[in-house]
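The values are calculated or read from the model by the stated rules, or taken from the named source; none is laboratory data. Only a predicted model underlies this, so the values are computations on that prediction, with no experimental measurement involved. Neighbour counts are summed over all protein chains in view; Cβ atoms, including those assigned to glycine, are modelled from backbone coordinates with ideal geometry.
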Ligand code: NAI
């Protein structure tokens, strides 16, 4: 097996950035260069004051520990490719917006362009690693492209090494992963390439957590893992609707179910619905794959996980309107949290966007506060969510605030859309004093102490519990 000394990562996003920064930190003998087409993104990674393009707890310290030593960020993609013996492809693979498979299939254009660039630039043999989440058998297309375009004497071994980090806990997930999965062809060359990459991880990951499997199993495992995680959330959210109608309490039900060691307690928190760039996209990808394989029942099964999530978001929005005497027109609503979950600034597929989109249609006035999402990102997302109206019309209805206190002032309702810890620590007595009465709180994340808020005087509505009963 080749001893890896230089790594290039194509794509300096949420995955490529943290993953390869941690490799650089843990492997001081390996030079790691992370490249991206986006100049602003690379500039931010290189910024003197460490204003990195993504927020992730602990990330700044990792970058501080090795940037300029054996970790480099650059827009010179060709140079990065030429120098490396191992290349991670960590570019975005969003859901296709048009053409065949629109709305379901993964858009592999970025993966293909990166692959073609590797083929045309490489002057020596490379190990090419799929880090992006891709449909099953993408490695085969990559190999065909690489072999058809390579220079004489260059061979390419392709590995699948999907990333299982979760945003918000990326650094601790990377430091102590549950497992690292590496898929390769079961040829001698494939197994050797697999060993080379396993060697890199073994600098800090125990060998028994480095799983080596076939290429197609590896690709499918990533889709399967995300589908099963999201399915747990949709299952518990489906039960939350039953709780609201019966008087059962979803936290108690989930707790009781999770005590079963076969089920386990994690990932059983009811909420306004899952978000993030991956769950929905990867399940739709699995649905598309199932349909392409003529397995309509399988496709329908997984599609329901996404459908239920949409239902949950809509249902929560409707419950808010119903509770506020069937109209929120002209009413001021404070939306606390805009990121798709706590401890990240990422807003992709955030439930907050769906809620605010619906509040806009109801002609409410909306105050938004999020501790990490930049103002410009909020406007971009709302503009995209409501392509039918102009941004200045949206800005007449929506204000972005600098604190939770400011967002709640004079509001008639507060909606918890993201489970930021700081929302637990708000001075709720003071907030109550500044609100119109009755003062409503809608907890979409089961974050707050409903009994304490009710005691102050709030009318509290929580996912998975009947209205106003504590
Ligand atoms: P991202 O959008 O944050 O980053 C992708 C980056 O690739 C962008 O900065 C883009 O400019 C760059 N890029 C695209 N084509 C390029 C090219 N030809 N040359 C150089 N740079 C190029 O995406 P993110 O979130 O990092 O996701 C990347 C992949 O990882 C996706 O396939 C995703 O499904 C997967 N993934 C994401 C996770 C997450 O939590 N965000 C977790 C696990 C996997």
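Within the stretch 229-239, is even one residue free of Cβ contacts under 8 Å to residues at least 12 places away in the same chain and more than 22 Å from residue 346 (Cα to Cα)?
Just the residues of the stretch 229-239 that are free of Cβ contacts under 8 Å to residues at least 12 places away in the same chain, to begin with: 235.
Keeping just the survivors that are more than 22 Å from residue 346 (Cα to Cα) gives 235.
Within the stretch 229-239, one or more residues are free of Cβ contacts under 8 Å to residues at least 12 places away in the same chain and more than 22 Å from residue 346 (Cα to Cα).
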- Item | Lone qualifier among 240, 290, 217 - being closer than 25 Å to residue 99 by Cα, assigned to a helix (DSSP H, G or I) and away from the ligand (no atom under 16 Å from the Cβ) | 290
- Pairs returned, first residue in the stretch 50-76 that is closer than 17 Å to residue 33 by Cβ, second residue that is modelled with pLDDT under 95 and in a helix (DSSP H, G or I), beta-carbon separation under 9 angstrom, 6 or more apart or interchain, are none
- Message: Just the residues that are in a loop (DSSP other than H, G, I, E, B), surrounded by 18 or more Cβ atoms within 10 Å (Cβ to Cβ) and free of Cβ contacts under 8 Å to residues at least 40 places away in the same chain, please, taken from the stretch 97-143.
- Response: 107, 108
- All positions within the stretch 61-80 that are touching a strand residue (DSSP E or B) at 6+ places or on another chain (Cβ under 6 Å) and within 24 Å of residue 110 (Cα to Cα): 71, 72, 73, 74, 77, 80
- Task: Return a yes/no flag: does the stretch 57-79 have any residue that is away from the ligand (no atom under 15 Å from the Cβ) and within 24 Å of residue 157 (Cβ to Cβ).
- Result: yes
- Query: In the stretch 105-119, how many are modelled with pLDDT of 95 or more and away from the ligand (no atom under 11 Å from the Cβ)?
  - Reply: 1
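Answer with yes or no whether residue 281 is touching a strand residue (DSSP E or B) at 6+ places or on another chain (Cβ under 6 Å) and surrounded by 13 or more Cβ atoms within 10 Å (Cβ to Cβ). Outline the logic, then answer.
On the way: touching a strand residue (DSSP E or B) at 6+ places or on another chain (Cβ under 6 Å): yes; surrounded by 13 or more Cβ atoms within 10 Å (Cβ to Cβ): yes.
The answer is yes for residue 281.
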- Message: Checking the structure you have, find out if any residue of the stretch 297-306 is under 24 Å from residue 462 (Cα atoms) and surrounded by 17 or more Cβ atoms within 10 Å (Cβ to Cβ).
- Response: yes
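I'd like the full set of residues that are under 19 Å from residue 62 (Cβ atoms) and crowded, with 21+ Cβ neighbours inside 10 Å, limited to the stretch 172-199.
Here is the first cut: in the stretch 172-199, the ones under 19 Å from residue 62 (Cβ atoms) are 172-177, 180.
Passing the criteria: 174, 180.
From the list 200, 205, which residue is away from the ligand (no atom under 13 Å from the Cβ), over 19 Å from residue 285 (Cβ atoms), part of a loop (DSSP other than H, G, I, E, B) and more than 20 Å from the chain's Cα centre (by Cα)? Give the derivation first.
On the way: 200 fails: part of a loop (DSSP other than H, G, I, E, B).
Sole residue among the options that is away from the ligand (no atom under 13 Å from the Cβ), over 19 Å from residue 285 (Cβ atoms), part of a loop (DSSP other than H, G, I, E, B) and more than 20 Å from the chain's Cα centre (by Cα): 205.
Given the structure, is residue 364 touching a strand residue (DSSP E or B) at 6+ places or on another chain (Cβ under 7 Å), buried (at least 21 other Cβ atoms within 10 Å of the Cβ) and under 26 Å from residue 309 (Cα atoms)? Spell out how you get there, then give the answer.
Working: touching a strand residue (DSSP E or B) at 6+ places or on another chain (Cβ under 7 Å): yes; buried (at least 21 other Cβ atoms within 10 Å of the Cβ): yes; under 26 Å from residue 309 (Cα atoms): yes.
Here the answer is yes, as residue 364 does meet what is asked.
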- Query: Do we have residue 402 as closer than 23 Å to residue 376 by Cβ, surrounded by fewer than 18 Cβ atoms within 10 Å (Cβ to Cβ), at pLDDT 95 or above and touching a strand residue (DSSP E or B) at 6+ places or on another chain (Cβ under 8 Å) here?
  - Reply: yes
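Taking the residues in the stretch 6-41 that are without any contact (Cβ under 8 Å) to a residue 60 or more places away in the chain and within 9 Å of the ligand (Cβ to nearest atom) as candidates, determine which candidate is surrounded by the most Cβ atoms within 10 Å (Cβ to Cβ). Break it down into steps so the answer makes sense when it comes.
Initially, the stretch 6-41 is screened for residues without any contact (Cβ under 8 Å) to a residue 60 or more places away in the chain, giving 17, 21, 24-25, 28-29, 31-41.
Among the residues that remain, those that are also within 9 Å of the ligand (Cβ to nearest atom) are: 17, 35-38, 41.
On the way: 17: 27, 35: 24, 36: 24, 37: 15, 38: 13, 41: 20.
Within the stretch 6-41, the match that is surrounded by the most Cβ atoms within 10 Å (Cβ to Cβ) is 17.
Just to be sure I understand, how many residues within the stretch 172-197 are assigned to a loop (DSSP other than H, G, I, E, B) and in contact with a helix residue (DSSP H, G or I) (Cβ under 8 Å, 6 or more places away or on another chain)? It would help to see each step written out before you state the result.
In the first step, residues of the stretch 172-197 are kept if they are assigned to a loop (DSSP other than H, G, I, E, B); the result is 176-179, 185-187.
Next cut, in contact with a helix residue (DSSP H, G or I) (Cβ under 8 Å, 6 or more places away or on another chain) only: 177-179, 185.
Qualifying residue count for the region: 4.
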